[in-house]
Amino acid sequence: MVKIMNVLSSMNYETASSKVIAHIQSEILHGRLRKGDKLPTERKLSEDMEISRASVREAIRALESMGIVTSIQGSGNYITNAPETAIDMALCALFALNDGTLNNIMQLRVMLEFEACKDIVAYATDEEIARIVRAADYDYENPSIQYQAEHDRNFHGAIIHGSSNPLIQYLSHTLAALFDVYREKVFATTLDRNENNITKRDHEAIVKAITDRDVLEIHTALANHMYLNKDYLEILDTQYRNILA
């Protein structure tokens, strides 16, 4: 009998914690809690939801582990200011566990950057487009792998920044985290093959299409840049699998 009561108590405790998590998630989805907002105290949540403070505390710890809530000692619990972190952890783990490939990453990059470019074509000012142009203007012959990786990241980040869709920005942030695992390997291979000029040519084609506000040409330029040929993809994918191993 004691064992049964312990199990039931555990079930009620977990259900109560889940109730708090569901409540806070609902408040976020309905816009009643925003980035940086302070949560009610554990005592108030406990009283309002008629559950124990221990259950509230467990729920807060779970939300922290998800990257949704940040706890500040002596101040309280807050909705995170960096929600993309929560997406990063979950999607990166799912990608690795499901044996994702570089080709998967590149396909999604094309889709997301193309959607961002459609916003740029429709809404960006000439000065905003000029910032993308400047981001592509760097020394492609610089032999530093770190230099090439950083400027490539900045260029593609400038494109994503042009999107008005926060989901595109968050997903792209996660994709960048995945891509960064092997970004320097890409540029090491590019330097070994003496193909820096190809990166420059591709970036210039993307920039020209954006400047011309030519949606079809943008898609062509992005696809040409990101869809790797078979030999190149095999080299990089082997390196990538070795990194994850």
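Things worth noting here:
- Hey, ILE120 aliphatic (A, V, I, L, M), over 15 Å from the mean Cα position of the chain (by Cα), within 16 Å of GLN169 (Cα to Cα) and surrounded by 13 or more Cβ atoms within 10 Å (Cβ to Cβ) or not: yes
- Checked against (1) within 17 Å of TYR227 (Cβ to Cβ); (2) exposed (fewer than 14 other Cβ atoms within 10 Å of the Cβ), THR199 passes all but a single condition, namely (2).
- Test for HIS151: is it more than 18 Å from the chain's Cα centre (by Cα), part of a helix (DSSP H, G or I) and closer than 20 Å to ALA223 by Cα: yes
- Sole residue being within 17 Å of the chain's Cα centre (by Cα) and not acidic (Asp, Glu), chosen from ILE132, ILE160, ILE145: ILE160
- Restricted to region 21-105, the set of helices (runs of 4 or more DSSP H) holding at least 1 residues that are surrounded by 17 or more Cβ atoms within 10 Å (Cβ to Cβ), more than 24 Å from the chain's Cα centre (by Cα) and outside the structural domain of GLN169 (by TED's automatic domain parsing) comprises 42-49, 53-66.
- Verdict on TYR140 being without any contact (Cβ under 8 Å) to a residue 60 or more places away in the chain, aromatic (Phe, Trp, Tyr) and either surrounded by fewer than 16 Cβ atoms within 10 Å (Cβ to Cβ) or not in a helix (DSSP H, G or I) (or both): no
The values are calculated or read from the model by the stated rules, or taken from the named source; none is laboratory data. All of these numbers come straight from a predicted model, not from anything done at the bench. Using ideal geometry, Cβ is built from the backbone for each residue, glycine included, and neighbour counts are taken over all protein chains shown.
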